[in-house]
Amino acid sequence: MCAIVGIYGENSNLSTLDSMLEALKNRGLDCRYKKDFGIFKAGMNRLSINDIEGGIQPFSNKNSDIFVFFNGEIYNHKALREDLQKDGIGFSTTCDGEVLPYLYEKYGSDCFSRLDGMFAICVYEAKSKKIILARDSMGEKPLYYYKDSAGFAFSSLIAPLKKIANVSLNKKAIWDYFTFGFIPESKCIYNEICVVPRGGVLEFCNGEIEIKHFSPKVSKIDFSKDLVTLTREIVSKSVEDRLLSDCKVGAFLSGGLDSSIVCVLARDKLEQSFNISFLDDFDPYCSFANEGEYAKEVAKFLGLNHTEVKVGSSEFLNVLDDFIDSIDQPFGVVSGIGVKIIARIAKEQGIKVLLSGDGADELFGGYAWYPKLCFNNPKFITKEKPKGWHYYAFESEKRAFCGEFFDKPYSSLGHFPYLDFKEIAPLDCINFDREFYLKNEMMMKLDRMTMSEGVEGRACFVSPSIVKFCKDLSYEILLKNGTKWLLKEAFRDSLPLNIIEREKHGFNPPIDYWMQTSWKGLLDEVLSPQNSLVLNGIIKSREDFYSVIERRQVGFGNIGFFVLTLGMWLDRERI
């Protein structure tokens, strides 16, 4: 719901804090709060969703020696509040964040494991001058930090930290970017800026940093009950919790199973559902792209107000510059433009919250290749082509088109390993997708694109209870009757049969087609000798890049878009 920043050190000042907050203004346009603690100064921009009139930050305990700045939502705050009230604690607002200083006072850093939510939190102990940063275990909310001999600073995004840090590009991060289209944590695009780990607690005191980790505490799941019944109960509770809002709530609705289940469970509170339909509804280099008719069918079945946004390559192209402004560091997932378009239209309609079905595929076994994993042969897992499904440029391809910017031998860059096991089990692949792809791509895309438009995106399938439930399922149970069979059976009586039984289809803009037709000129331009990619030796030349990528039957569009966004981002950064 917000963005937070803080600066600690003798050189900290309010004017720097203001400029950092201004760089985060799109993430919270409603209010701005600051507090000067002397050597430490902190602030936040607020997107007001819960307790519109309350929620003034920082929150503090009764003795005013523990202060909290907070970004996100605590969905179980009412239960936590009731527990604290038993200790005689009184509250002056209904805002979810007001429980945080009292929870920290009672439990210390262990309090973060008690939260069901998405969050980036700063706790300041005024007496000890200790700063504690915490981030949710799924990484739904971002948090970065910087430390030098003069002090310490943190921010919800990377850009504000550049105002106090001298930065240099991280070569290993860019090497990985060509493979995945994102920079895997714990790397950052800059060597000097670090990521607070997901599920991490960072303590800064007396110039030293210590990082610990926590796991969310989840009530014991009764596996003696029928699994289908359990699935419906746990998913229903997760969606219900994520309806916490004093503002209008909308939802992404593709017409696929996951978003349709979210809309079924949230329909009584939904103001609007949204989907994108592609005018170029078939990509000859990829697959069918248009799901608009399915989305309209579900919306009609549920009686929802529905907005269909029809786009083509020109509509996506019109938003490309704004997309680059919103990504904070190189991020080449083209579907993010669609998320941004929907968030913008939702905001225009007065909607501040958008529910999403992200996470269901990884947690409930939704990808078409998951049933085939039992036939995996470990001999196909190599350093050249690691075993994984969400990757693009191979190591040999990168060695062929990357230039002198990278250190040779290229093996010294240590490409990010997908699965580095001598023996690999099918569930290892799925668990890796849950930890790597879901958190690095899906959670980042939802947060950056919605928040850049002043809208909060909420992933309904990544609650601690769902994560725990699915993690305890064996591969054989998870894929017992095909992909996502538990979800299909749990909600079979709630949706049209053709929606339940339709094959999985991702949100796939026809990027292969666009990059080889209407967008080709843009790619040519960023690969020109005078622009950052070639000028800095990141790419050898336009000709070298095309000679490698044009050999591909598929994947040209994605890798081309990675390069396009990286080049545009570097040019904006004047690197």
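The values are calculated or read from the model by the stated rules, or taken from the named source; none is laboratory data. From a predicted model like this one, the values you see are computed outputs, not experimental measurements. Reconstructed Cβ throughout: ideal geometry from the backbone, glycine too, with neighbour counts over all protein chains shown.
Would you mind telling me which numbered condition in (1) crowded, with 16+ Cβ neighbours inside 10 Å; (2) modelled with pLDDT of 95 or more; (3) more than 13 Å from residue 99 (Cα to Cα) residue 49 fails?
Only one criterion in (1) crowded, with 16+ Cβ neighbours inside 10 Å; (2) modelled with pLDDT of 95 or more; (3) more than 13 Å from residue 99 (Cα to Cα) is unmet by residue 49, namely (2).
Could you please let me know if residue 140 is outside any loop (DSSP other than H, G, I, E, B) and of a type in the set (D, E, K, R)?
Details: outside any loop (DSSP other than H, G, I, E, B): no; of a type in the set (D, E, K, R): yes.
For residue 140, the condition - outside any loop (DSSP other than H, G, I, E, B) and of a type in the set (D, E, K, R) - is not met.
Just to be sure I understand the filter: pairs with C-beta atoms under 8 Å, separated by 6 or more residues or on different chains, first member in segment 319-340 and more than 15 Å from residue 563 (Cα to Cα) and free of Cβ contacts under 8 Å to residues at least 60 places away in the same chain, second member among the hydrophobic types (A, V, I, L, M, F, W, C) and crowded, with 18+ Cβ neighbours inside 10 Å. Which pairs pass?
From segment 319-340, the pairs are 319/337; 319/341.
Kindly check whether there is at least one residue in segment 43-54 that is under 21 Å from residue 145 (Cα atoms), touching a Leu at 6+ places or on another chain (Cβ under 9 Å), among the basic types (Lys, Arg) and outside the structural domain of residue 452 (by TED's automatic domain parsing). It would help to see each step written out before you state the result.
As a first pass, look at segment 43-54 and keep what is under 21 Å from residue 145 (Cα atoms): 43-46.
Still in the list and also touching a Leu at 6+ places or on another chain (Cβ under 9 Å): 43-46.
Going one step further and asking which of them are among the basic types (Lys, Arg), we end up with 46.
Then keep just the ones that are outside the structural domain of residue 452 (by TED's automatic domain parsing); that gives 46.
Checking segment 43-54: at least one residue is under 21 Å from residue 145 (Cα atoms), touching a Leu at 6+ places or on another chain (Cβ under 9 Å), among the basic types (Lys, Arg) and outside the structural domain of residue 452 (by TED's automatic domain parsing).
For segment 468-491, how many residues are buried (at least 18 other Cβ atoms within 10 Å of the Cβ) and either among the acidic types (Asp, Glu) or farther than 30 Å from residue 559 by Cα (or both)? Show your work before the answer.
Step one: list which residues in segment 468-491 are buried (at least 18 other Cβ atoms within 10 Å of the Cβ), which gives 469-470, 473, 475, 478-479, 483-488, 490-491.
Those left that are additionally either among the acidic types (Asp, Glu) or farther than 30 Å from residue 559 by Cα (or both): 469-470, 473, 475, 478-479, 485-488, 490-491.
Matching residues across segment 468-491 total 12.
Kindly list the number of the only condition in (1) modelled with pLDDT of 95 or more; (2) among the polar types (S, T, N, Q); (3) out of contact with any Gly (no Cβ under 9 Å at 6 or more places or on another chain) that fails for residue 224.
The single condition residue 224 does not satisfy is (1).
Which strands (runs of 3 or more DSSP E) does segment 1-103 wholly contain that include 2 or more residues that are under 19 Å from residue 241 (Cβ atoms)?
Working: elements: 2-9, 31-36, 40-46, 66-74.
Because the criterion is at least 2 residues that are under 19 Å from residue 241 (Cβ atoms), the strands (runs of 3 or more DSSP E) in segment 1-103 that meet it are 66-74.
Taking residue 156 as meeting all but one of (1) surrounded by fewer than 20 Cβ atoms within 10 Å (Cβ to Cβ); (2) within 23 Å of residue 69 (Cβ to Cβ), write down the number of the exception.
Tallying (1) surrounded by fewer than 20 Cβ atoms within 10 Å (Cβ to Cβ); (2) within 23 Å of residue 69 (Cβ to Cβ), residue 156 fails exactly one: (1).
Can we say residue 134 is under 17 Å from the mean Cα position of the chain (by Cα), among the small types (Gly, Ala, Ser) and in a strand (DSSP E or B)?
Working: under 17 Å from the mean Cα position of the chain (by Cα): yes; among the small types (Gly, Ala, Ser): yes; in a strand (DSSP E or B): yes.
Criteria met by residue 134.
Go through segment 492-505 and give me each residue that's part of a loop (DSSP other than H, G, I, E, B) and surrounded by 14 or more Cβ atoms within 10 Å (Cβ to Cβ).
Quick first cut of segment 492-505, residues part of a loop (DSSP other than H, G, I, E, B) only: 492-496, 502-505.
Scanning segment 492-505 gives 494, 495, 496, 502, 504, 505.
Which of the residues belonging to segment 340-360 are part of a helix (DSSP H, G or I) and either surrounded by fewer than 22 Cβ atoms within 10 Å (Cβ to Cβ) or within 17 Å of the chain's Cα centre (by Cα) (or both)? Walk me through how you get there before you give the answer.
Quick first cut of segment 340-360, residues part of a helix (DSSP H, G or I) only: 340-348, 360.
340, 341, 342, 343, 344, 345, 347, 348, 360, listed by residue number.
So which of 509, 529 is in a loop (DSSP other than H, G, I, E, B) and either among the hydrophobic types (A, V, I, L, M, F, W, C) or under 26 Å from residue 297 (Cα atoms) (or both)? Please lay out each step first, then the result.
Working: 529 fails: either among the hydrophobic types (A, V, I, L, M, F, W, C) or under 26 Å from residue 297 (Cα atoms) (or both).
Matching residue, one of 509, 529: 509.
Tell me which residues, restricted to segment 525-540, are touching a residue at least 60 places away in the same chain (Cβ under 8 Å), surrounded by fewer than 17 Cβ atoms within 10 Å (Cβ to Cβ) and on the phi < 0 side of the Ramachandran plot. Steps first, please.
Applying the first criterion (touching a residue at least 60 places away in the same chain (Cβ under 8 Å)) to segment 525-540 yields 534, 536-540.
In the following step, the residues that additionally are surrounded by fewer than 17 Cβ atoms within 10 Å (Cβ to Cβ) were identified as 536-537.
Correct list: 536 only.
What are the residues in segment 340-397 that are modelled with pLDDT under 85 and of a type in the set (A, V, I, L, M), if any?
373, 381
Any idea which residue in segment 182-217 is farthest from residue 465 (Cα to Cα), counting only those that are surrounded by fewer than 16 Cβ atoms within 10 Å (Cβ to Cβ) and among the aliphatic types (A, V, I, L, M)?
The selected residue is 209.
Looking at (1) touching a Lys or Arg at 6+ places or on another chain (Cβ under 6 Å); (2) assigned to a loop (DSSP other than H, G, I, E, B); (3) in the same structural domain as residue 470 (by TED's automatic domain parsing), find the lone condition where residue 271 falls short.
In the conditions (1) touching a Lys or Arg at 6+ places or on another chain (Cβ under 6 Å); (2) assigned to a loop (DSSP other than H, G, I, E, B); (3) in the same structural domain as residue 470 (by TED's automatic domain parsing), residue 271 misses (2) alone.
Which of the residues spanning segment 236-254 are of a type outside the set (A, V, I, L, M, F, W, C), in a loop (DSSP other than H, G, I, E, B) and in contact with a strand residue (DSSP E or B) (Cβ under 7 Å, 6 or more places away or on another chain)? Working first, answer last.
First, the residues of segment 236-254 that are of a type outside the set (A, V, I, L, M, F, W, C): 236-238, 240-242, 245-246, 248, 250, 254.
Subsequent filtering for residues that are in a loop (DSSP other than H, G, I, E, B) retains 242, 245-246, 254.
If the condition is that a residue be of a type outside the set (A, V, I, L, M, F, W, C), in a loop (DSSP other than H, G, I, E, B) and in contact with a strand residue (DSSP E or B) (Cβ under 7 Å, 6 or more places away or on another chain), then 242, 245, 254 are the ones that fit.
I need a count of the residues in segment 295-316 that are closer than 18 Å to residue 336 by Cβ and either over 25 Å from the mean Cα position of the chain (by Cα) or in a loop (DSSP other than H, G, I, E, B) (or both).
Of segment 295-316, the ones closer than 18 Å to residue 336 by Cβ are 309, 311-316.
Subset that is either over 25 Å from the mean Cα position of the chain (by Cα) or in a loop (DSSP other than H, G, I, E, B) (or both): 312, 314.
So the answer is 2.
If we keep just the residues of segment 104-121 that are assigned to a helix (DSSP H, G or I) and among the acidic types (Asp, Glu), which is farthest from residue 202 (Cα to Cα)? If you could, list the steps in order and put the result at the bottom.
Start the filter on segment 104-121 by keeping residues that are assigned to a helix (DSSP H, G or I), which leaves 104-114.
Checking which are among the acidic types (Asp, Glu) leaves us with 105, 110.
On the way: 105: 17, 110: 12 Å.
Out of the qualifying residues, it is 105.
Filter segment 436-462 for residues that are outside any helix (DSSP H, G or I), touching a strand residue (DSSP E or B) at 6+ places or on another chain (Cβ under 9 Å) and not aliphatic (A, V, I, L, M) and give the result. Reasoning before the result, please.
Residues of segment 436-462 that are outside any helix (DSSP H, G or I), as a first pass: 452-462.
Now restrict to residues that are touching a strand residue (DSSP E or B) at 6+ places or on another chain (Cβ under 9 Å): 454-462.
454, 456, 457, 458, 460, 461, listed by residue number.
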